[in-house]
Amino acid sequence: MSGLERQAVRGIGYGGDYNPEQWPEATWAEDIGLMAEAGVNLVTVGVFSWSRLQAAPGELTADWLDRVLDLLAAAGIAVDLGTGTASPPPWLVTAHPEILPVTVDGRRLAAGGRQHYCPSAPAFRAAAVELADRMARRYAGHPAVTMWHVGNEYGCHVPACYCDRSAEAFREWLRARYGEPGALNEAWGGAVWSQDYTSWDQVQPPRTAPTYANPAQQLDFARFSSGELLACYRGERAAIAAHDPGTPVTTNFMGLSRVVDQFRWAADVDVTSVDSYPDPADPEAHLFSAMNCDLTRSVGGGRPWMLMEQAPNAVNWRAVNVPKAPGQYRALSLQAVARGGDAVLSFQWRAAATGAEKFHSGMLPHAGTDSRVWREVTGLGADLGRLAPVAGRLVPAEAAILHDWESWWALEMDSHPSRLRLGELLREFYRPLFESGVTADFAHPESDLSGYRLVLVPALYLVSDAGADNVGRFAAAGGTVAVSFFSGIVDTSDRIRLGGYPAPWRDLLGLRVEEFAPLPEGATVRLDGAPETDQDRAGRVWQDVIDLRGADPVLRYAEGHLAGQAAVTRHPYGRGEAFYLGTLPDPATLRGLVRLACDRAGIEFRTDLPPGVEAVRRGDQLFVISHLDRPVELDLGGKSRDLLTSDIVGPAVVLGPRGVLVLAARD
Ligand code: GAL
Ligand code: ZN
């Protein structure tokens, strides 16, 4: 620490990516003055600065960064310092063209964008680790540097590389996993389509083939690719630790994104952080962002996490980039705090004037400070200042949604009964919990579930023996489980678990699925069952042909070939209970079922929250957030002090458009 006092972030961190190298030095003082005005206390610097940090192999050309960091330190603004390795500079690509990644169909990608590297390329890895090492040596103990930010959104543009060097590394990885080709043939089903390998050099990545590439090979390649990116991260992390062991290290995950297995990375990430870009054109943008929050908290084992990036207003990378509605930046930022975030950062501080992202919003927009965005930015800074007592506090969750990246990869492969998209299914199951104030974690199937009362299992297509047993034990011990169609279908080699689906959970569920009958796209099937309702109930997406073996039907198909047969069931198991959903019920029916499961589990399922209003507890506070663009009346059930305004509010209150209350929680 060289005797200097480290800049600590007190309370909730607030700020964004700061790219001063894109601006004349004369603007820096203005930046820092405006940061102070907005309440910014944490900025991320240097993430894409490689060409300005090293003009050639060797010494750093970082005098500019010294000055930036000193200015920030003097202003009391902490820095999340990038290692700068996410975009290799032209000199490195020219010297080592082999670091350029190759796509699944054999095209070598060019430089000129960013993230143009093969994660297995030795020249890239060496250069990145060397840069991280030089950065850590130079800035370890700098008073501004509060944390390190390795790489950027690993796998965002290039989730996997199919070049010959990657092929070689893949073979090494397979050799370590299987020992000899015979075992690989066994795991991959080599007898199908004449794919038995007799030596390692015959094995390739799953490149574009005339038809479906071997799914088990694809699954292993996804595991391998996540692991190669993790190895890049670890290399830089180790270089940092050698010089600056006490400072936390992060890399920004992408929330509900398929690319890397965040649970596998978690142990190497000191503070979990996420980039969350809900589409303002999506009426459920707040649901998507809430899922990103809960997932990130879960990946970090429940500890406080950081919203590393969001857009203060519009992004530039959708076909149409709708701005955030007035108040939406605030509401979604406070949602992140409510769900356990200890920092709210944006991409980026000052909207760029040049380059590919010049139409991406910034906290300081092109229009300057006389603007809606700037007023919202300063307003949020003040709000976050008032939320300091919440920092470090935990978010209790009684429900969990099982989630596994390996299963996700396997689920979304081709040649399946139907084209299922996990992101959509997770949203379906998350929605009723969100709307009724039930906070859920995303839990790995093999993780300790004993702290939960309810576990939802949406389309967990692949499950290990250990994961399958874990769910059964949870129910036997008194937990409530709700399993959806197309769960427990294959083992970790994507091999069907035989004897009727879902083989590992037939006893738990008291049934056997004899065959699948997916519904044509957009089609529905009427459902009925007790209690009768006025509303029509329908199944979507999927139908299982269910053979009851002890389970009681809750809903039955009311039309089609399966009319009269069970569609949704429940089954007591040990001290708990297991529900099964052989179809995707319409949202209202699904909500009713989740409510039933919550009742059974002893979880409070609130029915008083208007749609679009979320309630979530963090520490001693209850956050009530409206995502509606009109005022809404709420009954708070009593009087309470709002931490944001210090006003006493309730029991009746009118919450303005996208209004937020932070109340004392009741037990
Ligand atoms: C993220 C990335 C940032 C910025 C942002 C724009 O994916 O990490 O550097 O490009 O998108 O939305
Ligand atoms: Zn490669």
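Of note:
- Mean Cβ count within 10 Å, highest first, over the residues of peptides 423-433, 330-340, 644-654: 330-340, 423-433, 644-654
- Applying 1/(1 + (r/R0)^6) with R0 = 51 Å to the Cβ-Cβ distance of Arg606 and Glu186 gives a FRET efficiency near 0.50.
- Phi to ³J(HN,Hα) by Karplus 6.51 cos²θ - 1.76 cosθ + 1.60 over the range 503-516, Hz, x for Gly, Pro: 3, x, 10, 4, 5, 4, 8, x, 7, 9, 8, 8, 7, 9
- Residue separation of Ser194 and Asp507 scaled by 0.36 nm, minus their Cα-Cα distance, works out to 109.0 nm of gained length.
- Antiparallel content of DSSP bridges confined to the range 41-195, in %, to 5: 10 percent
- For the range 111-229: rounded, prolate or oblate by the Cα gyration tensor [a/c cutoff 1.5]: prolate
- Net dipole in debye of the range 1-72 [+1 Lys, Arg Cβ; -1 Asp, Glu Cβ; about Cα centre; nearest 20]: 260 debye
- Using the 1.4 Å probe convention, the accessible area of the range 323-476 works out to 32 Å² per residue with neighbouring protein chains retained.
- Per residue, the accessible area of the range 82-121 comes to 39 Å², computed with a 1.4 Å probe over protein heavy atoms only.
- Relative contact order [Cα under 8 Å, 6+ residues apart], the range 511-667, whole percent: 15 percent
- The chain: relative contact order as a whole-number percent, Cα under 8 Å and 6+ apart: 10 percent
- Centre separation in Å (Cα based) which lies between the range 404-441 and the range 490-521: 17 Å
- Euclidean distance between Cα centres, the range 222-298 to the range 1-61, Å: 21 Å
- Alpha-carbon centroid distance for the pair the range 586-657 / the range 322-342, whole angstrom: 16 Å
- Charging the Cβ of each Asp and Glu at -1 and of each Lys and Arg at +1, and nothing else, the dipole of the chain about its Cα centre rounds to 500 debye.
- Length added when fully stretched, Thr27-Val104, from 0.36 nm per residue minus Cα-Cα: 23.4 nm
- Rolling a 1.4 Å probe over the protein heavy atoms of the range 445-528, with every protein chain left in place, gives an accessible area that is 43 percent carbon and sulfur.
- Positive-end extreme of charge dipole, the chain - chosen from Leu174, Leu71, Ser418 (charges on Cβ): Leu71
- In the range 289-391, the alpha-carbon atoms span a convex hull of 99 Å³ per residue.
- Shape category assigned to the range 175-234 from the gyration tensor of Cα positions, a/c cut at 1.5: oblate
- Residues of the range 246-321: accessible area per residue with a 1.4 Å probe, Å²: 29 Å²
- Using a Förster distance of 30 Å, the FRET efficiency for Arg473-Ala588 (Cβ separation, nearest 0.05): 0.40
- Anisotropy class of the chain from Cα gyration tensor, a/c 1.5 cut: oblate
- Disulfide-incompatible cysteines by the Cβ rule (no partner under 4.7 Å) in the chain: Cys156, Cys163, Cys232, Cys293, Cys598
- Heavy-atom accessible surface of the range 356-396: percent carbon and sulfur, 1.4 Å: 58 percent
- The range 210-339: relative contact order as a whole-number percent, Cα under 8 Å and 6+ apart: 20 percent
- Of the solvent-accessible surface of the range 168-322, computed with a 1.4 Å probe over protein heavy atoms with every protein chain present, carbon and sulfur atoms account for 54 percent.
- The range 595-667 - Rg over Rh from alpha carbon coordinates, Kirkwood radius: 0.99
The values are calculated or read from the model by the stated rules, or taken from the named source; none is laboratory data. Note that this is a predicted model, so its numbers are computed, not measured. For neighbour counting, all protein chains shown are included, and Cβ atoms are generated from backbone atoms with ideal geometry for every residue, glycine included. Just so you know, the surface numbers come from the protein's heavy atoms only, side chains and all, with ligands and any DNA or RNA stripped out. Shrake-Rupley method; radii C 1.70, N 1.55, O 1.52, S 1.80 Å.
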